[in-house]
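Reading through the structure tokens given below for one structure.
The values are calculated or read from the model by the stated rules, or taken from the named source; none is laboratory data. Note that the structure is predicted; figures quoted are calculated from it, not measured. Neighbour counts run over all protein chains shown; Cβ positions are idealised from the backbone, glycine included. Quick note on the areas: whole protein, heavy atoms, side chains included, nothing else; ligands and nucleic acids left out. Shrake-Rupley method; radii C 1.70, N 1.55, O 1.52, S 1.80 Å.
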Amino acid sequence: MVDFGFSINKDRQIDFDNADRRIIEYVAKEESTIAICLICGACTATCSAGNFTDFNIRKITNMIRVGEIENLKEEIKKCMLCGKCQLVCPRGVNTRNIILKINEAIKIFHE
Amino acid sequence: MKLEGKKAIWKDYQKEIADDKYFYVRSCVRQNFFPGSETAFLKILRDELKKDVYEHPCHTTCTGIGYHGDVVPFDTAMTVVARQFALMTESGYENLVPSCITSFGLYTEILETWHHFPETENKIREYLKKATGREFKIPKNLAHASDVIFKFRKEIAAKAKHKLINKNTGESLKVVEHIGCHYSKMFPSKGVGGAEYPYVLTGMIEEWGGEIIDYPERRHCCGFGFRQYLVQANRGYSIACSKKKFDSMEPYKPDMIITNCPGCPMFLDRWQYTIKEMEGKTYGQNGEGIPVFTYEEVAGLVLGYDPWDLGLQMHQTDCEPVLDKMGVGYDKSKKRELIINNE
Amino acid sequence: MKKVVVIGGGIAGMEGSTYLKSMGYDVTLIEKNSQLGGHLLKWEKLFPTMRLGKDVVNFLNDGIKISDVNVLLNTEVVKAEKNGNEYIIELNNGQKLNADAVLVATGYDTFNASQKEEYGYGVYDNVITSAELEELFTSGKTLTTPSGKVPKRIGFVHCVGSRDEKVGNIYCSKVCCVTAVKQSIEIKEKLPDVEVYCFYMDLRMFGMHFEALYREAQEKWGINFIRGRLSEACENIDHSLVVKVEDTLAGKPLKMNVDLLVLMVGIVPSQGTKDIGRIFGLEFGVNGFLKSLDQHMANSNSNVPGIFYAGTCVAPRPINNTFVDARSAAVMVASYLENYKVEGRINTINN
């Protein structure tokens, strides 16, 4: 193989048909309230972890739906499981349990 | 795919294309990239169609590459273009035909700007007068060179020595058409067939016997992108764009690609070689690449011109598979000789 | 007896006629088609309650029958002249009608989706409009794609022809968001295994119970919502479609294959609305609908005394609002004809 001094960029586009959806499917089954999340960001606004790290539970909830799960294991470690997010959720999504279920799913499918 | 649906859209995007007396302006880069193409254009128009085409020796770059590469300001670009108009006016021509898609896009952008902001036009007239003493008239008709070949596609078909048909099977060749971004994405009404389903190359291919492939990444850029390609470190981005297109067209098993821009055939052709060298991946049949052509080269092949006169030996992805299918004769030994002589 | 001509036999025209006749006016209802009911005739179920469209048509027809409105079908207005306070209206059959007041209820057309060239309506085999999907529901036929396949995944594209300066329509058509939710649910009822994705910019669930329906779609039916406007749809080699959208909440472009793509076409002023506006010298607003004398206080009044509006010829409206609007317009017509004391307020509106 020839080295031309550059490599072919990886496509940033989410290829939904080939996305790894095992985590969202597991979480949706175990914690069905994820389906009614409005992705409003109230959880992230109040998040104890999110105020001091780049942890973003709203983003994680959305990202796993489209199979964007890179660094997920490291990301969810930042959650302190305090439950403030659940308190503010306008739709009663069990956000805290979503983190626990993501953790389970990672163990099942990615370890 | 419903052809009637496309036809209805094509109807909405008809443009006027002058039928004679062209002031032809060459591209900066095409003579290096595909050296036979502009010569073939002139030969087809002058010898086959008996048209009056004039080239001015003082024509310069339009600055489109510099303008899109962020090194030439718009005022400068407009003044240089005004000078081209002046050359045309002085030569007694009114119908401007640029060979380059980016020139065509830039000329269109400038004419539209002047249309909406006449004070800008007046300012540029003043600049040109001060700098060169020249004056100009706005072209009566602006058409890209591919528009002109499109206009005469039937006349060319009538003189055809070869068709875009596989001689052995009698089937139409499957053709991918790739339109340069600056042809109609900026001003859809200025392109034959508009921006979403351009008809300019499709019309030629249909007329010359080929079958068009409409694949999902048809509208994606070839990856030239001026600023992107020019820096080596950015070329991975450029090549990824071409690769996205190849991956998308591969299932349709295209026989060839035809383009109307200076950069697109360059990148679609050369990057196939690069991808092969980097990843071992090829997109054509039998481990070969998909041959890439300019529309003038295809018109030339249809008219029976010698492939090496058209400069096809300068392609990095070999054209022979298409020549064989079309039944175009060529002297194998001459190809290498011509390349060595060129080197 | 004072005469009122009502133009357009959809919901607004039918309901307006019913009450005007009940109030004691001589009412003639003109409809260009062979049947009353307008777009509603093609609509199987209505949001948010899933009431049958034909229930509403029956209710409207009952009104026409009970009040005994004079209905002229297959009839169009070709010309109108004013003679004192009276209008002389010429019809396409040569007949002339006198009217002391005219109620315009000429309604809307659905947006012509082929104008959004990049979505491939009319070009790609499996792109249909929300109106066509509804007709498929009404027909009772099995739900297949135009290619004849039972779909595994369906995409709904919101705001097609709405909130889109590129096609010249900058307004929200109001009914499409909730219609997408309604139709998604109906699809899941018929084909429980199908995956449904809605592509939206924002969901405008303004009506009572709309938000609840949206929640039901997510919770009970597992319908997925991706925030982003489609840039284009393309056809794959197997005639399925690949949609390109940004998942704006992920901040990344996304492509997805769907077997059927449903375009939620918006509401545009109907050809009849444009024609009648021209014939009577009515003012049009910036969005091409007929312009009310005042948006807050005189919605049913036009710039021409004696000409009134009802329904979607003025703006996109859901059915419940159209009912209210038609009944309200009937009151405004009566106020004008009887010259109620309050009528003076209308004449002093400064706009």
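Label positions at C:Asn85 and C:Phe59, each projected 7 Å from the Cα along the C-beta direction, are separated by 3.5 nm. When nucleic acids and ligands are ignored and a 1.4 Å probe is applied, B:His56 ends up with an accessible area of around 40 Å². Counting only residues at least eight positions apart within a chain, or on another chain, the aspartates and glutamates with an alpha carbon under 15 Å from that of C:Lys166 are B:Glu196, C:Glu117, C:Glu118, C:Glu232.
When the dipole is taken about the Cα centre of the range B:151-342, and only Lys, Arg (+1) and Asp, Glu (-1) are charged at their Cβ, what size is it in debye, to the nearest 20?
Values: 26 positive and 25 negative charges, 80 e Å.
It comes to approximately 380 debye.
With a Förster radius of 51 Å applied to the beta-carbon distance between B:Tyr54 and C:Glu283, the computed FRET efficiency rounds to 0.40.
About the centre of its Cα atoms, the protein assembly as shown shows a dipole size close to 1020 debye [charges on the beta carbon of Lys, Arg (+1) and Asp, Glu (-1) only; nearest 20 debye]. The Cβ shell under 15 Å around C:Lys2 holds other residues with a net charge of -3, Lys and Arg each +1, Asp and Glu each -1. Note on B:Glu90: accessible area is roughly 100 Å² with a 1.4 Å probe, heavy atoms of protein only. The fraction of accessible area contributed by carbon and sulfur in chain C is 49 percent, rounded to a whole number (1.4 Å probe; ligands and nucleic acids excluded). Using a Gaussian network model of chain A in which every pair of alpha carbons under 10 angstrom is joined by a spring, one finds that among A:Asn18, A:Asn62, A:Asn97 the greatest mean-square fluctuation is at A:Asn18. If you average the alpha carbon positions of the range B:297-336 and of the range B:251-292, how far apart do those two centres end up, in angstrom? Rounded to whole Å, the Cα centres lie 16 Å apart.
Cα gyration tensor of the range C:72-153, axes a ≥ b ≥ c as square roots of the eigenvalues: rounded (a/c below 1.5), prolate (a/b > b/c) or oblate?
Details: a/c = 4.11, a/b = 2.87, b/c = 1.43.
Since a/c reaches 1.5 and a/b is larger than b/c, the shape of the range C:72-153 is classed as prolate.
Surface calculation, 1.4 Å probe, protein heavy atoms: B:Phe117 sits at approximately 100 Å² accessible.
The shape of the protein assembly as shown comes out oblate: with a ≥ b ≥ c from the C-alpha gyration tensor, a/c is at least 1.5 while a/b does not beat b/c. Of C:Val333, C:Val262, C:Val286, the residue with the greatest mean-square motion in the GNM of chain C, using alpha carbon springs below 10 Å, is C:Val286. Once a ≥ b ≥ c are taken as the square roots of the eigenvalues of the Cα gyration tensor of the range C:113-267, is the result rounded (a/c under 1.5), prolate (a/b larger than b/c) or oblate (a/b not larger than b/c)? It is rounded, given that a/c, with a ≥ b ≥ c, falls under 1.5.
When chain C is treated as a GNM with alpha-carbon contacts under 10 Å, the residue of C:Asn93, C:Asn257, C:Asn287 showing the greatest mean-square fluctuation is C:Asn93.
Relative to the longest principal axis of the Cα atoms of chain C, helix C:271-280 runs at roughly 20 degrees.
What does the accessible area per residue of chain B come to in Å², with a 1.4 Å probe and no ligands, DNA or RNA counted? Mind dumping the intermediate values first?
Values: 14030 Å² over 343 residues.
Normalised by residue count, the accessible surface of chain B is 41 Å².
Between the C-alpha center of the range C:64-86 and that of the range A:82-111 there is a gap of 64 Å. Principal-axis analysis of the Cα atoms of chain C puts helix C:11-22 at an angle of about 30° to the longest axis. Placing a pseudo-label 7 Å from each Cα along the Cα-to-Cβ vector at C:Arg229 and C:Met1 gives an inter-label distance of 5.2 nm. Ordered from highest to lowest accessible area with the whole protein assembly present and a 1.4 Å probe, C:Asp275, B:Asp331 read as B:Asp331, C:Asp275. Against the main long axis of the alpha-carbon atoms of chain B, helix B:332-342 sits at an angle near 40°. Placing unit charges on the Cβ atoms only, positive for Lys and Arg and negative for Asp and Glu, gives chain C a dipole magnitude near 340 debye about its Cα centre. Helix content alone sets the calculated 222 nm mean residue ellipticity of the protein assembly as shown: runs of n ≥ 4 DSSP H residues at -39500 (n - 2.57) each, divided across all residues, give -11000 deg cm²/dmol.
Given contacts defined as C-alpha pairs under 8 Å and at least six residues apart, what's the relative contact order of the range C:54-164, whole-number percent?
Details: 72 pairs, mean separation 14.7, N = 111.
Here the relative contact order equals 13 percent.
Leaving ligands, DNA and RNA out of it, rank B:Tyr252, B:Tyr127 by accessible area with a 1.4 Å probe, largest first.
Ranked from most to least accessible, the order is B:Tyr127, B:Tyr252.
Accessible surface comparison of C:Lys79, B:Lys161, probe 1.4 Å, protein chains only, largest first: the order is B:Lys161, C:Lys79.
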